[in-house]
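Engineer: Sending over a structure as structure tokens; questions will come in a sec.
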There are 2 protein chains.
Amino acid sequence: MPESKSKLFNDQGELVVPKAVVGRLSLYLREVQHLIRDGKETTNSTELGKLLGVTDAQVRKDLAYFGQFGHPGVGYRCQELVAAIKSIMGTNTIWNVALVGIGNLGRALLRYKGFHEQGFQIVAAFDVDDNVIGTKVEGVDVFHIRDLASMVTAQSIRLVAISVPSHAAQAVVDQVVEVGIEGILNFAPVTISVPSKVRVIGVDLAMELEQLAFTVVNRDSKS
Amino acid sequence: MPESKSKLFNDQGELVVPKAVVGRLSLYLREVQHLIRDGKETTNSTELGKLLGVTDAQVRKDLAYFGQFGHPGVGYRCQELVAAIKSIMGTNTIWNVALVGIGNLGRALLRYKGFHEQGFQIVAAFDVDDNVIGTKVEGVDVFHIRDLASMVTAQSIRLVAISVPSHAAQAVVDQVVEVGIEGILNFAPVTISVPSKVRVIGVDLAMELEQLAFTVVNRDSKS
DNA sequence: TAGATTGTTAATCGATTAACAATC
DNA sequence: TAGATTGTTAATCGATTAACAATC
């Protein structure tokens, strides 16, 4: 867990980490994991900055938000840094995740190996289609969504990925919120409403292509 | 196309649009399209701001970067606004897209309806596996990647989505760059290198879950 | 030690917000 | 007209960078 560095907290005792820093933290983690795979023992802010396309100062500042795990004159020890970032992000332990919506995308997510490598395990899948309920997809049982509550409790599920059609998204969201889910990864291309205690990250694939089209059309705009 | 508003260009004649604005532009587009579906004729900065969770001032400022398409006392006419944003983003015409990598995710992308709705058409798919080459997936022909160049030319393909295994990503990227592709949507969880003229957007699904885990663990941090 | 590199401060830069005259 | 809402300016806020003393 993040150490109690005084600078991390504001007057109300709330953790204050700029959103942009959190985004880069995942990128640092990914790069350092690759460096380890390539046999590197240590790295430094200059190297990481080059890999990510940010300044060395920014790398140091970002990491220093969470404590001091660099070594002056040496840099950052890769294993140490990975452990520190995972601990900060909460991925030093495994998260059980539920998936709602066994369509094209849902199946692809069930088969996707990348989640497990980063500490996420899809342990139950839900749908409303009788043709898939009761089957297993990639070793994961598919339940009727009415069984959500019991599975969430039984498996200590805190996160849900939602890959249902847009028109069904809000209703599903309401149900997962009802059973106490804390975070939602929403693949439906709609804005969803949740109580403020619940966290949402939206991934809209068409929107990503749109962003790409914009940067291509306006070639010279700031990346 | 964006009008030649003087404020959009810097001393070197380059378009200057803050990255954050571009991201919100897609969100505005999505919301206004939903408002139209709900039968609304006009909207305004306050309404859009509430839908997106930003201030009304920000909505007006963002849109004003690209010209004046609001109507004082009235707001924004939905149809007009959609047309304007599409024109700015370059999605007022259809983009032909190629897909490389027909695995789990690749197949899901081929079947995904959301792309077409926003003006993107996957017109050719590529792989190196003889078992899929020559077949059709969701009506799209699968070719050997060696046929990339000819298809790109024949179909005027400017964008590519890459859903190959991480270890193959950079080699594929080099090939698509070689044939003149202008933008890459990279689903492989690795940083790729491209010449500066080529645009890249990376989508790392595990990283999205990681971000979600962080916000759940650090509940009180700035959203 | 000399060289390398961190963590942190102060200066810079950029993005957001508040306020309001202009407009319909 | 009166009321509503824009586009834009100036003020505020936050994030990035440069520089450097502290450290190994």
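Engineer: Summarise the partner chain shielding of A:105-113 as one whole number: the mean count of Cβ atoms from other chains within 10 Å of each residue's Cβ.
Structural biologist: Going residue by residue through A:105-113 and averaging, the value is 5.
Engineer: Need one word for the protein assembly as shown: rounded, prolate or oblate. Basis is the Cα gyration tensor (sqrt eigenvalues a ≥ b ≥ c); a/c below 1.5 gives rounded, then a/b vs b/c decides.
Structural biologist: Rounded.
Engineer: Figure the gain on full extension for residue A:69 and residue A:197 (residue separation times 0.36 nm, minus the Cα-Cα span) and round it to one decimal in nm. Walk me through the numbers on the way to the answer.
Structural biologist: Values: separation 128, 0.36 × 128 = 46.08 nm, distance 3.10 nm.
Length difference between fully extended and current span is 43.0 nm.
Engineer: Hey, what did chain A get for relative contact order, percent, Cα under 8 Å, at least 6 apart?
Structural biologist: That works out to 13 percent.
Engineer: Another question, then. Report in % the part of the accessible area of chain A that belongs to carbon and sulfur, leaving out ligands and nucleic acids; probe 1.4 Å.
Structural biologist: Roughly 50 percent, rounded to a whole number.
Engineer: For chain B, modelled as a Gaussian network with Cα springs under 10 Å, which listed residue fluctuates most, B:38, B:56, B:129?
Structural biologist: Highest fluctuation among the options: B:38.
Engineer: Could you give, in nm with one decimal, how far residue B:39 is from each other copy of that position, shortest first, with labels 7 Å out from Cα toward Cβ?
Structural biologist: For residue B:39, the inter-copy label distances come out at 6.9 nm.
Engineer: Further question: Cβ under 11 Å from residue A:114's Cβ, residue A:114 left aside: what net charge do those residues give with Lys, Arg +1 and Asp, Glu -1?
Structural biologist: Its environment carries a net charge of -1.
Engineer: Using the Karplus curve 6.51 cos²θ - 1.76 cosθ + 1.60 with θ = phi - 60°, work out ³J(HN,Hα) for each residue of the stretch B:36-43 in order, rounded to whole Hz, and write x for Gly and Pro.
Structural biologist: Whole-Hz 3J(HN,Hα) from phi for the stretch B:36-43: 4, 4, 7, x, 7, 8, 10, 9.
Engineer: Quick one: which residues, 5 or more positions from residue B:202 or on another chain, have an amide H under 5 Å from its amide H? H modelled 1.01 Å from N in the peptide plane, none for Pro or chain starts.
Structural biologist: Under 5 Å from the amide H of residue B:202 lie the amide H atoms of B:186, each far enough along the sequence or on another chain.
Engineer: For peptide B:79-91, compute the average count of partner chain beta-carbon atoms within 10 Å of each residue's beta-carbon.
Structural biologist: Numbers: counts 0, 0, 0, 0, 0, 0, 2, 2, 1, 3, 9, 8, 6.
Taking all residues of B:79-91 together, the mean is 2.
Engineer: What number comes out for the charge environment of residue B:187, summing +1 per Lys or Arg and -1 per Asp or Glu over other residues with Cβ under 12 Å away?
Structural biologist: -3
Engineer: Provide the per residue accessible area, probe 1.4 Å, for the stretch B:6-89, rounded to a whole number of square angstrom.
Structural biologist: Numbers: 4310 Å² over 84 residues.
That works out to 51 Å² for each residue.
Engineer: Okay, next question. Give me a single rounded figure for A:183-190: the average over its residues of other chain Cβ atoms within 10 Å of their Cβ.
Structural biologist: For peptide A:183-190, the averaged partner shielding equals 4.
Engineer: What list of ³J(HN,Hα) couplings, whole Hz, do you get for the stretch A:145-162 from phi and the Karplus terms 6.51, -1.76, 1.60, once you set θ to phi - 60° and write x for glycine and proline?
Structural biologist: 4, 5, 8, 3, 3, 5, 5, 4, 5, 4, 10, 6, 7, 10, 10, 10, 9, 10
Engineer: What is the set of long-range amide H partners of residue B:44 at a cut-off below 5 Å, with H atoms built 1.01 Å from backbone N?
Structural biologist: B:76
Engineer: Please work out whether the stretch A:6-89 counts as rounded, prolate or oblate from its C-alpha gyration tensor, where a ≥ b ≥ c are the square roots of the eigenvalues and a/c under 1.5 means rounded, while otherwise a/b larger than b/c means prolate and anything else oblate? Walk me through the intermediate numbers first.
Structural biologist: Numbers: a/c = 1.84, a/b = 1.78, b/c = 1.04.
It comes out prolate by the Cα gyration axes.
Engineer: Moving to a separate point now. For the stretch A:95-207, what does the relative contact order come out to in percent, with C-alpha contacts under 8 Å and a separation of six or more? Spell out each step's value before the answer.
Structural biologist: Values: 203 pairs, mean separation 27.8, N = 113.
In percent, rounded to a whole number, it is 25.
Engineer: Any idea what the residue B:165 label distances to the other copies are, label 7 Å down the Cα→Cβ vector, nm, shortest first?
Structural biologist: Listed shortest first, these distances are 3.6 nm.
Engineer: Could you tell me which of rounded, prolate or oblate describes the stretch B:95-207, using a ≥ b ≥ c as the square roots of the eigenvalues of the alpha-carbon gyration tensor, with rounded for a/c under 1.5 and, failing that, prolate when a/b is larger than b/c and oblate otherwise?
Structural biologist: Rounded shape, in that the Cα axes give a/c under 1.5.
Engineer: Sticking with this structure for a sec: Among the residues of chain B, which one places its Cβ closest to the rotation axis that maps chain B onto chain A, and what is that distance in whole Å?
Structural biologist: Taking the axis that maps B onto A, the answer comes out as B:108, 2.
Engineer: Moving on to the next point. Taking the label point 7 Å from Cα in the Cβ direction, how far apart in nm is residue A:64 from each other copy of itself, listed shortest first?
Structural biologist: Output for residue A:64: 3.7 nm, nearest copy listed first.
Engineer: Let me ask something additional. Quick one: Karplus J couplings for the stretch A:46-54, per residue in order, coefficients 6.51, -1.76, 1.60, θ = phi - 60°, nearest Hz, x for Gly and Pro?
Structural biologist: Those phi angles translate into 5, 5, 4, x, 4, 4, 9, x, 10 Hz.
Engineer: With +1 on each Lys and Arg Cβ and -1 on each Asp and Glu Cβ, how big is the dipole of the protein assembly as shown about its Cα centre, in debye rounded to the nearest 20?
Structural biologist: 780 debye
Engineer: What's the local net charge at residue B:140, with K and R +1, D and E -1, over the other residues with C-beta under 11 Å away?
Structural biologist: Neighbourhood net charge equals +1.
Engineer: While we're looking at this one, here's another question. Rank-order A:20-26, B:181-187, B:136-142 by packing density, defined as the average count of other C-beta atoms within 10 Å over each peptide's residues, highest first. Kindly include the intermediate steps, with their values, before the conclusion.
Structural biologist: On the way: A:20-26: 17.9, B:181-187: 23.3, B:136-142: 14.7.
Top of the packing list down: B:181-187, A:20-26, B:136-142.
Engineer: Sum -39500 (n - 2.57) across every DSSP H segment of at least 4 residues in chain A, then divide by the residue count to get the 222 nm mean residue ellipticity, nearest 500.
Structural biologist: The per-residue figure over chain A is -12500 deg cm²/dmol.
Engineer: Continuing with this model, one more query. Any chance you could run the full-extension gain for residue A:170 through residue A:19? It's 0.36 nm times the residue separation minus the Cα-Cα distance, nm to one decimal.
Structural biologist: Taking residue A:170 through residue A:19 to full extension adds about 51.8 nm, to one decimal.
Engineer: I've got another one for you. Lys/Arg Cβ at +1, Asp/Glu Cβ at -1, dipole of the protein assembly as shown taken about the Cα centre: which of B:102, B:140, B:203 is farthest positive-ward?
Structural biologist: B:203
The values are calculated or read from the model by the stated rules, or taken from the named source; none is laboratory data. The shown structure was predicted, so the numbers you read here are calculated from the model rather than taken from an experiment. Backbone-built Cβ (ideal geometry, glycine too); neighbour counts: all protein chains shown. The protein model used for the area step is the full one, side chains on, heavy atoms only, and it has no ligands, DNA or RNA in it. Shrake-Rupley method; radii C 1.70, N 1.55, O 1.52, S 1.80 Å.
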